[in-house]
Amino acid sequence: ETGVTQTPRHLVMGMTNKKSLKCEQHLGHNAMYWYKQSAKKPLELMFVYNFKEQTENNSVPSRFSPECPNSSHLFLHLHTLQPEDSALYLCASSLFLVEGVPEKLFFGSGTQLSVL
Amino acid sequence: DAKTTQPTSMDCAEGRAANLPCNHSTISGNEYVYWYRQIHSQGPQYIIHGLKNNETNEMASLIITEDRKSSTLILPHATLRDTAVYYCIVRVEEAGTALIFGKGTTLSVSS
């Protein structure tokens, strides 16, 4: 257990569906991240939230919509996805203290998404 | 683009030391070297990090060359459960930044 919980573990959805991925961290961290990992590709950073404020959107299509209601929860809302969006979606969190101080990322186990 | 270069794959016999190299010839003076690993179908796991000095923890040792242009992660007694993709990442600690992962090294430990 890493202290970062993602639900659901697996999700199958059609291209017209709307679904949400949930991430919850129990570590007292103040930064949360969404990463995407397609088959046989490196992890791609999607979104970064520091202190609930989105600080990075890595040119992600608008069919992916993040939400961070508080420092412990992070959501990824999905709508009208394409089959090429099928991937492992990973959430991570970290404790950002001050600039120059190393921070470790703690990852959840991910949601394996299949878009039909 | 990732700032590091790692071999695509390596093999190691169980019980032997696994030495995973990483080149980061353009590293800046304030950038740290991090190592993570990802076991199949799981999220990446932090292993160790360092700036200039060699570091050791319960999982591994990190050896950084004096010019900081390369480093080696050492798993002293590899087990089958160490089979994973190992990522070497260089990063400056700035607000709002995140780890950028490359392709990593696939380490296969066999009995």
Matching residues, the range A:12-28, being closer than 18 Å to residue A:93 by Cα and under 15 Å from the mean Cα position of the chain (by Cα): A:21, A:22, A:23, A:24, A:25
Scope the range B:61-111; condition within 14 Å of chain A (Cβ to nearest Cβ), surrounded by 13 or more Cβ atoms within 10 Å (Cβ to Cβ) and part of a loop (DSSP other than H, G, I, E, B); matching residues: B:93, B:96, B:97, B:98, B:99, B:100, B:101, B:102, B:103, B:104
Scanning the range B:8-36 residue by residue, the ones that are away from every other protein chain (no Cβ under 11 Å), buried (at least 20 other Cβ atoms within 10 Å of the Cβ) and not hydrophobic (A, V, I, L, M, F, W, C) total 1
It is to be established whether one or more residues within the range A:97-111 are more than 8 Å from chain B (Cβ to nearest Cβ), part of a strand (DSSP E or B) and at pLDDT 95 or above. yes
Enumeration of residues in the range A:28-56 that are more than 9 Å from chain B (Cβ to nearest Cβ), surrounded by 15 or more Cβ atoms within 10 Å (Cβ to Cβ), closer than 26 Å to residue B:41 by Cβ and not aromatic (Phe, Trp, Tyr): A:29, A:32, A:36, A:46
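Checking the conditions here, which among B:84, B:60, B:95 is over 20 Å from residue A:42 (Cα atoms), among the aliphatic types (A, V, I, L, M) and modelled with pLDDT of 95 or more?
B:60
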Of the candidates A:59, A:86, A:94, A:72, the one satisfying the condition of being more than 11 Å from chain B (Cβ to nearest Cβ), within 28 Å of residue B:31 (Cβ to Cβ) and either among the polar types (S, T, N, Q) or in contact (Cβ under 8 Å) with a residue 60 or more places away in the chain (or both) is A:59
Among the candidates B:20, B:62, B:73, B:51, which residue alone is in contact with a Phe, Trp or Tyr (Cβ under 6 Å, 6 or more places away or on another chain) and free of Cβ contacts under 8 Å to residues at least 40 places away in the same chain? B:51
Tally of residues being among the polar types (S, T, N, Q) and part of a loop (DSSP other than H, G, I, E, B) across the range A:43-63: 3
Would you tally the residues in the range B:21-56 being hydrophobic (A, V, I, L, M, F, W, C), over 30 Å from residue A:5 (Cα atoms) and out of contact with any Cys (no Cβ under 6 Å at 6 or more places or on another chain)? 2
From the list B:24, B:49, which one is out of contact with any Lys or Arg (no Cβ under 7 Å at 6 or more places or on another chain) and within 28 Å of residue A:91 (Cβ to Cβ)? B:49
Being outside any strand (DSSP E or B), under 23 Å from residue B:40 (Cβ atoms) and out of contact with any Phe, Trp or Tyr (no Cβ under 7 Å at 6 or more places or on another chain) is the filter here, so list the residues in the range A:14-42 that pass it. A:38, A:39, A:40, A:41
Only one of (1) free of Cβ contacts under 8 Å to residues at least 40 places away in the same chain; (2) assigned to a strand (DSSP E or B); (3) in contact with a Lys or Arg (Cβ under 8 Å, 6 or more places away or on another chain) fails for residue A:66. Which number is that? (3)
For the list (1) surrounded by 20 or more Cβ atoms within 10 Å (Cβ to Cβ); (2) not in a strand (DSSP E or B), I need the number of the one condition that residue B:58 fails. (1)
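The values are calculated or read from the model by the stated rules, or taken from the named source; none is laboratory data. Keep in mind the model is a prediction, meaning the values are calculated, not measured. Cβ coordinates were reconstructed from backbone atoms using ideal geometry, including for glycine residues, and neighbour counts include every protein chain displayed.
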